Amino acid sequence: MPFPTERPRRLRRSDTLRRMVRETHLSVDDLIFPLFVCPGTGVKDEISSMPGNYRWSVDLLPAEMEEVAALGVPAVLLFGIPESKDPLGTGAYAEDGIVQQAVRAIRQAVPELVVVTDVCLCEYTSHGHCGEVAEDGEVLNDPTLDLLAKTALTQAQAGADIVAPSDMMDGRVAAIRETLDGNGLQGVAVMAYSAKYASAFYGPFREAADSAPQFGDRKAYQMDPPNRREALREVALDIEEGADMVMVKPALAYLDIVREVREMTDLPVAAYNVSGEFSMVKAAAANGWIDEQRVALEILTAIKRAGADLILTYWAKDVARWQAAGGGG
Ligand code: PBG
């Protein structure tokens, strides 16, 4: 047979043909925009390792949120940088904590925006760990559950639509669900960071949130990167405990996990395109080595192709602008 009879190239001959047979579509509807809230007034402080991303004081948030909503981005994920830190991370669950204030301000200004709050203690603890720390340095699981449940409760009472525990303590989804339900907040959803790995890709975030552990690392609670079956167990546990959505984090080096999680559950699957994944592209683009827009859209589309329904990404606003300008995706 001198010539091939099947010719896949026939369907690649024009942009219109390619558009017709395209299997994956990235939509702004799939995106959640993470951002950082800090004390003070009039603060819009650029994060040096994450160009185009800022720490915002609460008073400037409504205008920024109006822009996010006007671009069609449906949701934001809030992280807080408190005035002061202490060993028990009390700023995380203070009724007038930084995130609680931010949620109220956004709720009032842009009610249609979905507000997701990160539930964790590491931005609020003086030692930078995600839970209560014992004398010997161990991060204590069960005492931390109460603090996480209080954090989720105060965030939900402030008006959060979705709470997203990112601490990786065992049993936190159940503890949060029970506390929310016990306080009449059955309508607030839980998006669990179910398979969250102890990754070096969080570096820029820790600079942004000033949340690097002061001693040791997070390997005794976040997952070991080589593990796959364990991720599926974590997801199964969170579903049993009542998670409404499950997340894989980071995204790019874990696309196999995204695919497997997609196959094991009918719940919405989220993937977090984390700070280091964003900063690498920014740095290379700043050097003129790659095209930021094309690479970002390729990455985000690949995360979707792997099976994610939702993507948490620092490019959310850019994607909306690129697509409005007719750029691919
Ligand atoms: C808090 C938290 C982290 C991220 C999201 N929630 C940092 C960490 O676990 O050290 C990282 C997000 C990113 O890198 O973009 N536990």
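The values are calculated or read from the model by the stated rules, or taken from the named source; none is laboratory data. On a predicted model such as this, the values are computed, not experimentally measured, just so you know. Note: ideal-geometry Cβ built from the backbone for every residue, glycine included; neighbour counts use all protein chains shown. In case anyone asks, the SASA skips ligands and DNA or RNA and just uses the protein heavy atoms, side chains included. Shrake-Rupley method; radii C 1.70, N 1.55, O 1.52, S 1.80 Å.
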* **25 °C / 0.890 mPa s Stokes-Einstein diffusion coefficient of the range 88-218, Kirkwood radius on C-alpha pairs, µm²/s** => 164 µm²/s
* Structure fact -> Percent relative contact order for the range 162-275, counting Cα pairs under 8 Å at least six residues apart, stands at 31 percent
* Asked: If Lys and Arg each add +1 and Asp and Glu each add -1, what is the summed charge of the other residues whose beta carbon sits under 12 Å from the beta carbon of L185?
  -> -2
* **D_trans [Stokes-Einstein, Kirkwood Rh over alpha-carbon pairs] for the range 27-171, 37 °C, 0.692 mPa s, µm² s⁻¹** => 211 µm²/s
* Asked: How would T151, T5, T24 line up by accessible area, probe 1.4 Å, largest first?
  -> T5, T24, T151
* **Helical contribution to [θ] at 222 nm, DSSP H n ≥ 4, -39,500 (n - 2.57), averaged over the chain, rounded to 500** => -11500 deg cm²/dmol
* Cross-link pairs K85/K219; K196/K317; K282/K304; K85/K150; K44/K282; K150/K304 - those with Cα-Cα distance over 28 Å -> K150/K304
* Long-range amide H partners of I290 with built H, under 5 Å -> A285
* Asked: Roughly how many nanometres apart are two label points built 7 Å out from the Cα toward the Cβ at E135 and M280?
  -> 4.3 nm
* Over the range 1-90, what per residue volume does the convex hull of the Cα atoms give, in whole Å³? -> 214 Å³
* To do: Using the Kirkwood radius over Cα pairs, work out the Stokes-Einstein diffusion coefficient for the range 228-312 at 25 °C and 0.890 mPa s, in µm²/s as a whole number.
  => 182 µm²/s
* Structure fact -> One finds the C-alpha centres of the range 201-273 and the range 72-137 to be spaced, in Å, by 19 Å
* Asked: Can you list the residues, at least 5 places off or on another chain, whose amide H is less than 5 Å from the amide H of L312, using H built in the peptide plane?
  -> I32, A271, Y272, N273
* Over the chain, calculate the relative contact order: mean separation of alpha carbon pairs under 8 Å at least 6 apart, over the residue count, as a percent. => 17 percent
* Asked: Given a 1.4 Å probe and every protein chain left where it sits, what share in percent of the accessible area of the chain is carbon and sulfur?
  -> 50 percent
* Globularity ratio of the range 262-329, using Cα Rg and 2.2 N^0.38 Å -> 1.18
* Asked: For the chain, which semi-axes, largest first and in whole Å, follow from the square roots of 5 times the eigenvalues of its Cα gyration tensor?
  -> 34, 23, 19
* Could you state the accessible area per residue of the chain in Å², with a 1.4 Å probe and every protein chain left in place? => 45 Å²
* Quarter of Cα convex hull surface for the range 165-306, i.e. mean projection, nm² -> 9.9 nm²
* For N53, list long-range residues whose amide hydrogen, built 1.01 Å from N in the peptide plane, is under 5 Å from its own amide hydrogen. => I47
* If the range 95-158 were replaced by its equivalent ellipsoid, with semi-axes equal to the square roots of 5 times the Cα gyration tensor eigenvalues, what would those be, largest first, whole Å? -> 28, 11, 8
* Structure fact -> Note: probe point = Cα of D96 + 7 Å toward Cβ; backbone nitrogen < 11 Å; residues of the range 130-150 passing the test are none
